[in-house]
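Reading through the C-alpha cells given below for one structure.
The values are calculated or read from the model by the stated rules, or taken from the named source; none is laboratory data. Since the model is a prediction, treat every value here as computed from it, not as a measurement. Cβ placement follows ideal geometry from the backbone for every residue including glycine, while neighbour counts extend to all protein chains displayed. Just so you know, the surface numbers come from the protein's heavy atoms only, side chains and all, with ligands and any DNA or RNA stripped out. Shrake-Rupley method; radii C 1.70, N 1.55, O 1.52, S 1.80 Å.
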Amino acid sequence: MNKKRIAIYPGTFDPVTLGHVNIVRKASEMFDEVIMAIAIDNYKETFLDLEERTHLCQEALVDIPNARAESFEGLVVDYAKRLDTNIMVRGLRAVSDFEYELQLALMNKKLSNEIETIFLVPSFEYLYLSSSMVRNIAAVGGDVSTLVPKCVAEVLKNKRYNDKR
Ligand code: ADP
C-alpha cells in the first residue's frame, strides 16, 4: 500500500482568514491529508490565545473532510518528523511575502534536509488579505464577515463588545 501523503500547513493564524482556508482547500485536493498546524509561538505576542486560534481553525475546516487543525510546539521540522511527512505548504500572496517565505523555506531545509516547502497562491480575492488587516478592521468595529469564516467574525464581534463593557 502506498504511504499516505500528508501536508502540513504551519502558521500563527491570528486569526484564520478565508485566504488561509482557500490554501487548505487547494492543498486538500493535492494531498491525502492536510494538517493546519498552529504554532504556539513563544516569540510573538498574539491577539488570540492558542486555544482560541486552534478552535477557530478546527471550525473553519469542518467541511473539508481530509483536513484538520492542531497546535504544535517547537520546530516545525520536528513536528513534521513526528507526523512522518516532509511536505510543508505555505501561501504566497504579493511580492512582499516572497523574501520572508524563501528565507523560512531555506532555513527549514537547513534544519532538516528532507523538508520540501510547496508554495500555493490563493484565489485572486484573497491576494491582499492578511490576519493583521482583519485585526485592524475588527478593532475599529469594521465588518470582517467577507474576509474570515463565520466563527471568526462572531468571536471578533463578541471580543469588541466585551472590551467595551
Ligand atoms: P506566519 O506563519 O508568518 O505568522 P500566517 O499565520 O499569517 O503567517 O500565515 C500562514 C501562511 O499563510 C503564510 O505562508 C502566509 O504567507 C500565508 N497566508 C496568509 N494570508 C494568506 C492569504 N490571504 N492567502 C494566501 N496565503 C496566505
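Structure values in brief
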{"read-out": "Some residue of segment 57-64 being among the acidic types (Asp, Glu), away from the ligand (no atom under 14 Å from the Cβ) and outside any loop (DSSP other than H, G, I, E, B)", "value": "yes"}
{"read-out": "Candidates Ser131, Ser96, filtered to the one that is open to solvent by less than 80 Å² (accessible area, probe 1.4 Å) and among the polar types (S, T, N, Q)", "value": "Ser131"}
{"read-out": "Leading residue by the ranking (farthest from Ala80 (Cα to Cα)) among those in segment 14-39 that are surrounded by fewer than 18 Cβ atoms within 10 Å (Cβ to Cβ) and more than 12 Å from the ligand (Cβ to nearest atom)", "value": "Glu29"}
{"read-out": "Filtered residues of segment 1-13 (kept if open to solvent by 10 Å² or more (accessible area, probe 1.4 Å) and more than 9 Å from the ligand (Cβ to nearest atom))", "value": "Met1, Asn2, Lys3, Lys4, Arg5, Ile6"}
{"read-out": "Residues satisfying the stated conditions in segment 1-55, i.e. touching a residue at least 60 places away in the same chain (Cβ under 8 Å), touching a Pro at 6+ places or on another chain (Cβ under 7 Å) and closer than 19 Å to Val89 by Cβ", "value": "Val16, Leu18, Gly19, Val21, Asn22, Ile23"}
{"read-out": "Asp84 loosely packed, with under 14 Cβ neighbours inside 10 Å, touching a strand residue (DSSP E or B) at 6+ places or on another chain (Cβ under 9 Å) and not in a loop (DSSP other than H, G, I, E, B)", "value": "no"}
{"read-out": "Considering residues of segment 70-95 that are away from the ligand (no atom under 12 Å from the Cβ) and of a type in the set (Gly, Ala, Ser) only, the residue farthest from Val21 (Cα to Cα)", "value": "Gly74"}
